[in-house]
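What follows is a set of notes on a single structure, which appears directly below.
The numbers here are math on the coordinates, done by the rules we state, and not lab data. Please read these numbers as outputs of a predicted model, since none were measured by experiment. All Cβ positions, glycine included, derive from the backbone under ideal geometry; neighbour counts span all protein chains shown.
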Amino acid sequence: MKSKIFIFLIFFIVFVSSCAKFKGADAYLYIPEYYLNSAQSAYDNGNISAALMIAKKKCDNLDFESCNLLGIMSLEGKYTSQSDSTALRLFAKGCVNKYPASCLYLGKMYDEGRAVNINDKKRDTYYQMASTDFLKNCQDNKSSDCMQLGLMYLNNYIYDPYEEGLNYIKKSCSMGYGKGCAAAGDYYFYNMDNKTEAFSFYEKACANHNPEGCLKLIDMYNTYKFTELNNAKNIIAQSEKMCKSGASNLCVYLGNMYKRYTRISRIDKEKSYDYIFSSCDFNNPYGCKLLGDMYSIGYGVAENEGSALRYYDKACQLGFTAACTLK
């Protein structure tokens, strides 16, 4: 009997020790299979810890998309240490290896004077390098670069008509690039105030498995009465599957949607909790903060202050700084 108790105690000590280690800086590094090949996918869907870990590893192995993402995150300083000089080094690494998005960001840095002196000539040189390689890659049927080229036109990095840029974005959509369809939808929604055309492109984005497109499509169903609800149930079902596969921003939206009455949903506290829990399980910082709120007030789950504090702490560690004062 004593030996069994001793073995149990040893096991318990090892378990507690491992939990203590897990609570440190490398906590919450679970990576859904959905993200394994792309740090950018993880970042776009709100799993910042996975995005950082994948990007650091792949950048070391000369994956310049990952280096570019690390540069952007260093420039913003939202989820990692802010450093213009680090961003400059990472963008230069990508640009010299003909990764056009990095050349674009180098141009922006020379335009804004971040870690370098403002230099219009160098700015225009890098913008030209970016647009040239985006165009070449677009002509080689790389749909994401067609979208990026289009956005350069629309954001006035290339001084030519808007229509040219919109055509490149539409081309990326026609090639089945969901993110390009969502970008076209954004253009019509925000720039042209054409909600009907925006809705059409968000439909295409969602059909091409773009979580942002599905999110905006559902939001339009809920907000604008001109939208036909015939396909709404199918869109919700597709979005729910994408959420469960790792699209954590979509999980957050669905969780918040079921907190209120809308054209396509009713208040459902249990569903709301399930989706917010999933978003946090996929390491979405804002989702973890919301989950802490739900435990704090007992919304959709039994009130539990200890659980609330634990999820506020997780949100804080994942980079949602507003949660740091709540833990």
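The table below gives the values:
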{"read-out": "Pairwise centroid distance, computed over Cα atoms, of the stretch 65-134 with the stretch 139-192, Å", "value": "20"}
{"read-out": "Net +/- balance of residues flanking Tyr190 in space, Cβ distance below 15 Å, scoring K and R +1, D and E -1", "value": "-3"}
{"read-out": "Angle in degrees between helix 162-174 and the longest Cα principal axis of the chain, rounded to the nearest 10", "value": "50"}
{"read-out": "Gyration tensor (alpha-carbon) shape descriptor, the stretch 224-327, a/c threshold 1.5", "value": "prolate"}
{"read-out": "Ranked packing of 109-116, 205-212, 320-327, 242-249, most packed first, by mean Cβ within 10 Å", "value": "242-249, 205-212, 109-116, 320-327"}
{"read-out": "Cα-based helix-to-principal-axis angle, 248-257 vs the chain, degrees rounded to 10", "value": "70"}
{"read-out": "Proximal charge balance of Lys271 [Cβ under 13 Å; K/R count +1, D/E count -1]", "value": "+1"}
{"read-out": "Lysines whose Cα lies under 19 Å from that of Lys171, excluding same-chain neighbours fewer than 8 positions away", "value": "Lys136, Lys142, Lys179, Lys204"}
{"read-out": "Cross-link reach list, aspartates and glutamates versus Lys271, counting only Cα pairs under 16 Å and skipping chain neighbours closer than eight places", "value": "Glu240, Asp281, Asp293"}
{"read-out": "The stretch 153-254: chymotrypsin sites (Phe, Trp or Tyr not before Pro) in DSSP coil with no more than 14 other Cβ atoms inside 10 Å", "value": "Tyr159, Tyr224, Phe226"}
{"read-out": "Per-selection Rg to Rh, the stretch 57-146 - Cα, Kirkwood hydrodynamic radius", "value": "0.98"}
{"read-out": "Angle between the chain longest axis and helix 211-223 axis [Cα atoms, degrees, rounded to 10]", "value": "90"}
{"read-out": "Cross-link reach list, lysines versus Lys269, counting only Cα pairs under 29 Å and skipping chain neighbours closer than eight places", "value": "Lys216, Lys225, Lys233, Lys241, Lys244, Lys259, Lys289, Lys314, Lys327"}
{"read-out": "Cα gyration tensor of the chain - equivalent ellipsoid semi-axes, whole Å, descending", "value": "38, 29, 16"}
{"read-out": "Contact order relative to length of the chain, as percent, for alpha carbon pairs under 8 angstrom and 6 or more apart", "value": "11"}
{"read-out": "Net length gained if the chain between Leu309 and Lys57 were fully extended (0.36 nm per residue, minus Cα distance)", "value": "87.6 nm"}
{"read-out": "Neighbourhood charge, 15 Å Cβ-Cβ cut-off, centred on Cys103 and excluding it, Lys, Arg +1 and Asp, Glu -1", "value": "+3"}
{"read-out": "Most mobile of Ile169, Ile267, Ile218 in a GNM of the chain (Cα contacts under 10 Å)", "value": "Ile267"}
